Structures are given as C-alpha cells and as structure tokens.
1. Could you pull out every one of the lysines with an alpha carbon less than 17 Å from that of Lys196, ignoring same-chain neighbours closer than 8 positions?
2. Whole-Hz Karplus ³J(HN,Hα) for segment 150-162, in order, using 6.51 cos²θ - 1.76 cosθ + 1.60 and θ = phi - 60°, x for Gly and Pro?
3. Using modelled amide H (1.01 Å from N, peptide plane; none on Pro or chain starts), what sits under 5 Å from the amide H of Leu162, excluding residues fewer than 5 places away?
4. At a 10 angstrom cut-off on C-beta neighbours, averaged per residue, how do the peptides 48-55, 128-135, 199-206 rank from highest to lowest?
5. Lys200 label point, 7 Å along Cα→Cβ, cut-off 19 Å on backbone N: hits in segment 142-164?
6. If you take the charge dipole of segment 75-151 about its Cα centre, with +1 on Lys and Arg Cβ and -1 on Asp and Glu Cβ, which of Cys148, Trp94, Gly127 is farthest toward its positive end?
7. Between Glu35 and His142, what length comes free when the chain is fully extended (0.36 nm per residue of separation minus the Cα-Cα distance, one decimal in nm)?
8. Could you calculate the contour length gain from Phe207 to Glu113, that is, 0.36 nm times the residue separation minus the distance between their Cα atoms, to one decimal place in nm?
Amino acid sequence: MSLLEYLVSIGLGIAVIAPVMQSSSALIIKQTQLEKAWLVEQDAIRVLELMARAIRMAGYRKISSLSDYRQRSTKIDYIGLEHRSGWNHSDALWVKHEPADSAEGDCLGNRVEQVNYGKTQTRTKKGLRHQGFFVQKAVGGHGGSLMCASLDRQGRLKNTSLMQHINSLHFKWVEQKIGRGQSPSTARSGVQIVLKTTLKEREFSRFVALRNRP
C-alpha cells in the first residue's frame with residue numbers, strides 16, 4: 001500500500017468514526033446532566049425534610065403532668081423567620097424546642113446525651129434544642145450554601161453546610177382562618193418553604209403545618 005492509499009484509508013476511517021464519536025460524546029454529556037439533576041433533586045428532598053422536621057418540633061415541651069406545665073409556663077420564642085437576611089436576599093429560619101427523646105436527632109443527626117448522672121443534657125442550651133437554616137455564599141462557587149446551625153456538646157452554636165448550588169431560600173407564614181362551622185382543629189397554620197437551586201434552575205416547595213402552639 002502506497003503512502004497516498006494509506007492516508008486516504010485513514011481519512012475514510014476518521015470520516016466513518018467521527019459521527020459515532022460525536023454521538024457518544026453527546027450521550028455522555030446528556031447522561032452527566034441527568035445525573036446532576038437527579039442528585040440536586042435528592043439533596044433538595046433531603047434538606048426539605050430536615051427543615052420540615054425542625055418546624056414540626058418547634059415549641060415542643062415534654063410535659064407529663066400538671067406540675068410540669070406550671071413549671072414551664074414561661075413563654076419563649078420557639079420559632080422565628082428573618083427575611084432577606086442571607087445571601088442573595090434569602091430568608092433564615094430558627095426553632096427551639098425541648099428534647100423529645102434520646103433517639104431524636106437535630107439537622108445533623110446529633111442526639112442528646114444525658115450527663116452528670118442524668119441531671120443535664122448535651123447539645124442543649126437552658127434545656128432547649130436550637131436549630132437554624134440559612135444561606136451563605138459558597139466558598140469558591142457562584143451559588144450559595146445551605147447552612148444548618150445546631151448546638152455542639154458544650155451548647156455552642158455551630159454552622160455546617162447541608163447543600164451546595166443554592167440560588168435562594170424563602171419562608172412564608174401561612175395562617176388559614178377558621179370558616180363558619182369549622183372547628184379550630186381544622187385550621188392549618190404553618191410555614192411554606194421555597195428552595196431554588198442554581199444547578200438546573202429548579203424550584204422546590206413544601207408546606208409544613210405547625211404542631212406545637214404556645
């Protein structure tokens with residue numbers, strides 16, 4: 001085979017293989033995009049559940065008798081929203097509640113531990129658990145980072161990242177009035193969560209009803 005024939009055969013081979021290679025490359029890119037979208041969705045579902053769990057626990061008091069109720073009659077701010085206080089005008093949410101049991105974890109899964117022969121509890125402050133959610137600028141990225149604030153063993157607030165690629169996070173109070181003929185138990189008051197991501201530009205929303213009212 002002459003050099004010319006060799007070069008022609010190589011050119012023909014490349015012409016045949018190139019479309020296949022381009023198709024494979026496009027398929028790989030598409031598959032990568034789908035995987036990223038799926039991961040973002042799973043992360044969003046996870047953090048929405050963590051925030052919903054915290055909201056449902058807000059204001060919880062472990063009362064087993066009338067004397068317990070009288071001893072804990074002091075009113076506390078058990079839930080609060082801080083609008084436009086975070087990165088990209090995101091809102092912040094914080095909650096307080098008494099520990100329910102030893103199996104109940106905070107937004108990081110940390111559980112309360114009894115110390116000093118059961119007289120005190122770790123990860124509490126004045127007998128209360130504290131949890132918070134807010135968005136701050138991600139380090140080295142263009143989006144935000146969803147942060148979880150919780151108490152360490154010494155009762156100090158620590159911030160830990162839960163999710164990246166956050167565009168914004170917003171909370172809204174929802175108060176449903178009681179209609180004529182409805183009982184107070186049918187009214188649903190709670191918090192609407194709206195989480196927007198930069199990756200795939202998705203919006204995730206969830207309504208969480210309040211369980212514990214002061």
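1. In chain and number order, the partners are Lys36, Lys137, Lys172.
2. 8, 8, 8, 4, 8, x, 9, 6, 10, 9, 9, 6, 9
3. When sequence neighbours closer than 5 places are left aside, the close amide H contacts are Leu146, Met147, Cys148.
4. Final packing ranking: 128-135, 48-55, 199-206.
5. It comes to 142-146, 162-164, nothing else.
6. Gly127
7. Here the segment from Glu35 to His142 would lengthen by 36.5 nm.
8. 30.7 nm
Computed from the coordinates by the stated procedures, all read-outs in this text should not be read as laboratory data. Note that this is a predicted model, so its numbers are computed, not measured. Because the Cβ atoms are built from the backbone with ideal geometry, glycine has one as well, and the counts that use them run over all protein chains shown.
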